[in-house]
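Heads up, the thing below is written out as structure tokens.
The values are calculated or read from the model by the stated rules, or taken from the named source; none is laboratory data. It should be emphasised that the depicted structure is a prediction, and the values quoted were computed from it without experimental measurement. Virtual Cβ from ideal backbone geometry, glycine too; neighbours counted across all protein chains shown. Side chains included, ligands, DNA and RNA excluded: accessible areas come from the protein's heavy atoms. Shrake-Rupley method; radii C 1.70, N 1.55, O 1.52, S 1.80 Å.
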Amino acid sequence: MKQMKKRWRMLVPTVLLLAMAFSTTVFAAEEEVEYVPALHATFWALVPAIVAIGLALLTKEVYSSLFVGILMGALLYSGFQFEMTINHIFSDGIIGVLSDSYNVGILVFLVILGAMVSLMNKAGGSAAFGQFAASHIKNRVGAQLATICLGVLIFIDDYFNCLTVGSVMRPVTDKFKVSRAKLAYLIDATAAPVCIIAPISSWAAAVTGFVEGEDGFSIFIRAIPYNFYAILTIVMMVGMVVMRTEFGKMKEHEHNAVTRGDLFTTKGRPYENAKDEKISARGGVVDLLIPIAALIVCCVIGMIYTGGFFEGAGFVEAFSNSDASLGLTLGSFFGLIITIILYQIRRVLSFKECMDCIPEGFRAMVPAILILTFAWTLKAMTDSLGADMYVAGLVESSAGAFMNFLPAIIFVVGCFLAFATGTSWGTFGILIPIVVAVFQNGDPQMMIMSISACMAGAVCGDHCSPISDTTIMASAGAQCEHVNHVTTQLPYAVVAAAVSFVTYIVAGFVKSAWIALPVGIVLMVAVLFALRGKNGTVQ
């Protein structure tokens, strides 16, 4: 009897363990089954972004518009189930994007950059540069051209470009009555469009990483002359400044700035009463130039460090393999340290004043951080609905029938996808592998043109989209209300896109950038003269 009891005592735990193991295996198998929403990879995958963009343009209020788009995406994903909708918004969405190391690195970079801007302002560096520039710049045209030149010189990264150019040139453009909307456009138009044609930039590194099975950097270099949107945007921007002409909503903003001194025009003017705190009387131009130079050098070193430069990789290879988020974070951190040490040596600011600038810089970046978080979450919603697969299918289905028109078609698809999702890098990741697969063993020249059309379309859509991180950063850098920036810039971007589309059609037939690009430039200049004839000049 005792032996039977012992056997049962041994048998029961064994059976329970086996049952638990079996149930764990069953549940694990069930967990491995990935949930696929009913509307996956259909047009509905783009609806959340379209709703968010439409509401932002109609209501002029970006936060609620983005959240409504996020809610729409979660509802479509869950099939209108309450619990799954809430979990998708917060667990997969907001918490998910803020758990991503790349995104967190960008936010840390923004906070440090905001602190540096606050430091340079409080030290009097920005004011000193403004006085120096004012003595050399004599009119509004000169102020705008100086902004463009500085934007072109800071080609390492678009985020860095937006915030640095804005903080440096804002006092100068304010002095010469350039509206904040126009400043935001100049910043935005020298951010992504310049980075995408600069071989040494975080954008070049991103693009080369998406070209699998090919020499990505070589393809990027060969694609530069075909990047018509970036080149024509720069031509248009300079032409508009030199001709002193504006159109659309921008004309109203510039007219009010010149005639009434109103730099904001519309009711949305969150930065109108923003005042810099008491600045140091000891500050000079050097207190702006050295921190910016240190920031550029440190960011370059940070990026090549993450790409393995100090482990034996070549400079170009290191840039191609770099982690832009980590590199910019490291670079900005050491740039901040150098700036604080500089101000201590020069006795421009006390150590306590330097430390006070860190939370001040953080507070200045809160609106941009909030919009970025919502924009990333909206992208997570469209990704979960299979927006990339839907667009990829459209591109593949059009590859055969319209071969000569394919670069123009890819440009339009890239514009639409980047506009709807707010990400140019995501558009690269979707379209470039498709283009490489279609043309890799066929027509290499068409592959180069199509890759460039993809990059140009992504930059164009990014340039237009109110949920684009670069557009958000340009608004923050210029201290311009975000929706004002979007509505004033959109007509300019559409004109450049239309001329680029025609140029890509020409390139599809002649297959030469040295024929198509001059055609595009001539066409753009003709359009600018037509706009000037219709709208006149702004003095």
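Can you send over the solvent-accessible area of Thr42, 1.4 Å probe, protein chains only, in Å² to the nearest 10?
Per-residue accessible area (Thr42): approximately 40 Å².
Over what distance in Å are the Cα centres of the range 121-173 and the range 365-392 separated?
31
Using a 1.4 angstrom probe on the protein heavy atoms only, could you order Trp425, Trp514, Trp376 from most to least accessible area?
Largest to smallest exposure gives the sequence Trp514, Trp425, Trp376.
Could you rank Asp92, Asp174 by how accessible they are, 1.4 Å probe, largest area first?
Ranked list, largest accessible area first: Asp92, Asp174.
The range 95-184: D in µm²/s via Stokes-Einstein (Kirkwood Rh, Cα pairs, 10 °C, 1.306 mPa s)?
Rounded, D is 111 µm²/s.
Take the cross-link list Lys177/Lys267; Lys138/Lys251; Lys138/Lys182 and give me the ones stretching past 20 Å between alpha-carbons.
Over 20 Å apart, Cα to Cα: Lys138/Lys251.
Of the chymotrypsin sites (Phe, Trp or Tyr not before Pro) in the range 69-143, which ones lie in a loop per DSSP and count no more than 11 other C-beta atoms within 10 Å?
Those satisfying the criteria are Phe80.
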